Amino acid sequence: MRLPRGDVYVIVHPEFWPMGVWENFEEAARRMERALQGRWRWRVLRNVWTDDPDRAWPPEVPQDAFIVQVTVRPPEQDGPGCRSASDVRGRWGQIRLCRSHARILFSILHEFGHEAGLSHLPRGVRGLMSGDVNYGYDDFTDFERWVIGAMRFRRSGLRAPDDQLQPTM
């Protein structure tokens, strides 16, 4: 599991605001919550950008929360063939999103899935977390929802077997 127990606060870089894609980030957060059956809150914040949460933790974000920063790929990396990416840096994560991907709900939700700890599905398996091609999915499959839920309540560092799941609170 990559994320701590606290809620997730998504902070979108101001460069996205004039693009008219705000509702895509909010819808992706709603779908993350739905995948987790409301047991894990995802909030999208506006006007609280900080370049380094370790130095300037936004006062709107509780100390036990996890911040996901969404930034725009640099212009030299943005264009045909651009690939969005995500990583986790201790108490916060970062998604580097291509400009064109900000207009596609699938792309945002796919990167949110990576922040939640999901990897790409094996070649030939269809779902939101498919690595090569969007097979028309704009939401998690039932199997992907099950995996996210299981990861959320698994003891830190343990991956299998499923009897290592922690009880829900």
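Things to note:
- Panel order for PHE140, PHE16, by other beta carbons found within 10 Å of each beta carbon, from fewest to most: PHE16, PHE140.
- Inter-probe distance in nm under a simple model that places probes 7 Å from Cα toward Cβ, at ASP87 and ASP142: 3.8 nm
- A Förster distance of 35 Å, applied to the separation of the beta-carbon atoms of VAL48 and HIS120, puts the FRET efficiency at 0.70.
- Taking amide H atoms as placed 1.01 Å from N in the peptide plane, the amide H of ARG43 lies under 5 Å from those of VAL8, TYR9, VAL10, each 5 or more residues away in sequence or on another chain.
- Scanning residues 5 or more positions from SER84 or on other chains, those with amide H under 5 Å from its amide H are CYS98, with H placed 1.01 Å from N in the peptide plane.
- Segment 8-158 - share of DSSP beta bridges that are antiparallel (%, nearest 5): 25 percent
- Summing charges over neighbours of ARG30, with a neighbour being any other residue whose Cβ is under 12 Å away from its Cβ, gives -1 when K and R count +1 and D and E count -1.
- Cut-off 13 Å (backbone N to label point 7 Å along Cα→Cβ of HIS13), residues of segment 91-117: 94-102
Readers should treat all values here as calculations from the given coordinates under stated rules, not as data from a laboratory. Given the structure is predicted, the values throughout are model-derived calculations rather than measurements. All Cβ positions, glycine included, derive from the backbone under ideal geometry; neighbour counts span all protein chains shown.
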